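Structure record follows, encoded as structure tokens.
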Amino acid sequence: MESLTVRAARLAESLEQSVQDFIVASDQNLGDIEVQVERQSRELQRQATEKAAQAKADVSPPVCPVCGKVLSRVSRDHSRTFESRFGPITVRRARGYCRRCKKWRFPADTVLGLADTAGYSPRVQEMAALLASKMPVNEASAVLEHLTGVKLPRATLDREARRQGQRARQVRRQEDEQACQVAKKPVQPELVLEPYQMIIQMDAWNIRERDEWGKTEALRQGGKEPERWHWVYTGTCFRLDHRGKTARGRPVISERGFVATREGIDGLREQLHAEALRRGLGQAAGALVIGDGAVWIWRLADDRFKDARQRLDFYHAVEHLAVVGRALFGEDKDKLTDWLRPLVRQLKNQAAIKVVHQLEDILAELPAGAPAEVVQKEVNYFHEHQDRMDYRAGQRRGEPIGSGAIESTCRQTQCRFKRPGQYWSREGDESLLCLETFWRNGRWQLLFPHNRQLDLSKN
Ligand SMILES: [Zn+2]
């Protein structure tokens, strides 16, 4: 085979020719030359990658990548073809038997990062994982080929992304355990320069799954309606001093942890706790949990964030005031607004108990009946959350009074996971959600370490 140097020289020549042709082609703009340069360089890039892979495989020592034992019955030249960023490459590797693991091993596969895949290079594994977590797989396959030339049929892209998602879940488990281990060590107080509060928000949304696909009739005959909708539990956490405002006054958070899981409330509790620890919960002067009225949020907070203050999302409280308003004024929107506006202002800027007392006064005047029942229910609601409505104090301290941060994140994630007619499986969901959290949390390079190369080039 020709050396890369010779190949490169020939490529340079053909690129020169393309430039000349481009200059005189009146119907071509920069896009045309971009495509030509890309297409012509691809073979050289592919060969460089293949050469590097082969050379690295050749020097990989014949030891078991799992247990480290020297392999026996080693034979060479087992070839395997992988799809790389620049097209298919073929690598010939050594194979040996590990007597301890009682398995055949290809040490070069591990060295090259090809072990955990159905035949794709690490960069292609990453592309499959990222695209599948951002868009439906049939689109992902077409977009990938269009932008990069990498051909990954829909079904294989899906399979590869799920495999990477499974791997991501393992990495997450290790990371979460490590975060909890680190947190057990005593903190050196002088490390915390400025005391800060940790804000934690939680919410949940529904996803459609077909985990009992095809069994619908059998289930129905057994008197059971198949469950298709399931909860995705989500949480976010950030330091209050990382929250600022744009020039236009819109709140922005510079660093924020994010968790989304189909592993139930237990899964959320462990994952969110680990995330909060990574973001500095252990060194925080205090913590604040914000959520809507859902009982599970406060149970989880009592359980895992015992010392945190709790706050009911302001806008949920307002919705409950509106329920009272509708019970009193029916469809009369003007009366409802006139009644509601001062109460909302009071709830925000004065002690919440004043608002509750007014509702109680109204209730005392009402004759028995449906409206009174509604108002009674809402009065109970406000009493239950009385200690979670310190909006005035919260605003003075510059804290959020609503759970808008997690709600907007939920909306974004739902765009991907809640398209009409889409069904998911629990395992598939969790894998893709896990990939999504690594991406959002800025820890993508833990899954695909070659990204540190890209970070270096930024500096
Ligand atoms: Zn072994």
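The values are calculated or read from the model by the stated rules, or taken from the named source; none is laboratory data. Just so it is clear, the structure is predicted and the values come from calculations on it, not from any experiment. No Cβ is skipped: glycine too gets one built from the backbone with ideal geometry, and neighbour counts run over all protein chains shown. Each accessible area value is taken on the protein alone, full model and side chains, heavy atoms only, with ligands, DNA and RNA left out. Shrake-Rupley method; radii C 1.70, N 1.55, O 1.52, S 1.80 Å.
For the reader, a short list of remarks on this structure follows.
- Computed over protein heavy atoms with a 1.4 angstrom probe, the accessible surface ordering of Asp307, Asp158, Asp241, largest first, is Asp307, Asp241, Asp158.
- Per-pair calculated FRET efficiency, R0 = 30 Å: Glu145 and Arg100 via Cβ, rounded to 0.05: 0.10
- Nearest-20 debye value, region 289-338 charge dipole, Cβ charges on Lys, Arg, Asp, Glu: 240 debye
- Fraction of accessible area attributable to carbon and sulfur, the chain (%, probe 1.4 Å): 51 percent
- Cross-link table Lys56/Lys102; Lys69/Lys103; Lys335/Lys377; Lys184/Lys306; Lys51/Lys151, entries beyond 23 Å C-alpha to C-alpha: Lys56/Lys102
- Helix axis angle, 122-134 relative to the chain longest principal axis, alpha carbon, degrees: 30 degrees
- The stretch between Ala55 and Ser408 holds 122.2 nm of extra length on full extension. This uses 0.36 nm per residue minus the Cα-Cα distance.
- Total charge dipole magnitude, the chain, about the Cα centre, Cβ charges on Lys, Arg, Asp, Glu only, Debye to nearest 20: 1980 debye
- Estimated from helices alone, the mean residue ellipticity of the chain at 222 nm is -17500 deg cm²/dmol (sum of -39500 (n - 2.57) over DSSP H runs with n ≥ 4, per residue).
- Rolling a 1.4 Å probe over the protein heavy atoms leaves Lys184 with an accessible area of roughly 150 Å².
- The separation of region 131-147 from region 1-34, counted between C-alpha centres, amounts to 29 Å.
- The calculated FRET efficiency for Cys67 paired with Val318, based on their beta-carbon distance and R0 = 60 Å, is about 0.50.
- For the set Met198, Met135, solvent exposure ranked by accessible area (probe 1.4 Å, protein chains only) runs largest to smallest as Met135, Met198.
- Sites Arg10 and Cys180 - FRET efficiency at Förster radius 51 Å, r taken between beta-carbons, to 0.05: 0.35
- Gain on full extension, evaluated as 0.36 nm per residue between Glu331 and Glu38 minus their Cα-Cα distance, stands at 99.1 nm.
- Positive-end extreme of charge dipole, the chain - chosen from Thr117, Asn29, Val6 (charges on Cβ): Val6
- Accessible surface of Trp296 - all protein chains present, 1.4 Å probe, nearest 10 Å²: 50 Å²
- Among Leu454, Phe106, His383 - extreme Cα towards positive end, dipole of the chain, charges at beta-carbon: Phe106
- Between the helical axis of 137-148 and the longest alpha-carbon principal axis of the chain there is an angle of about 50 degrees.
- Pair Lys306, Met135: separation of 7 Å Cα→Cβ label points (nm): 4.9 nm
- Computed from Cα atoms, the angle from the helix 4-24 axis to the main principal axis of the chain rounds to 70 degrees.
- Residue range of the chain that is longest and free of GluC sites (Glu not before Pro) which are both DSSP loop and sparsely packed (at most 16 other C-beta within 10 Å): 3-211
- Region 90-180, accessible area per residue, ligands and nucleic acids excluded (1.4 Å, Å²): 48 Å²
- Each of Lys51, Lys333 has its accessible area taken with a 1.4 Å probe; listed largest first, they run Lys333, Lys51.
- Extension gain, Glu427-Val74: 0.36 nm per intervening residue step, less the Cα-Cα distance, totals 123.3 nm.
- When both region 285-348 and region 351-392 are represented by their alpha-carbon centers, they are found 12 Å apart.
- In Å², nearest 10: area of Asp303 left accessible to a 1.4 Å probe: 70 Å²
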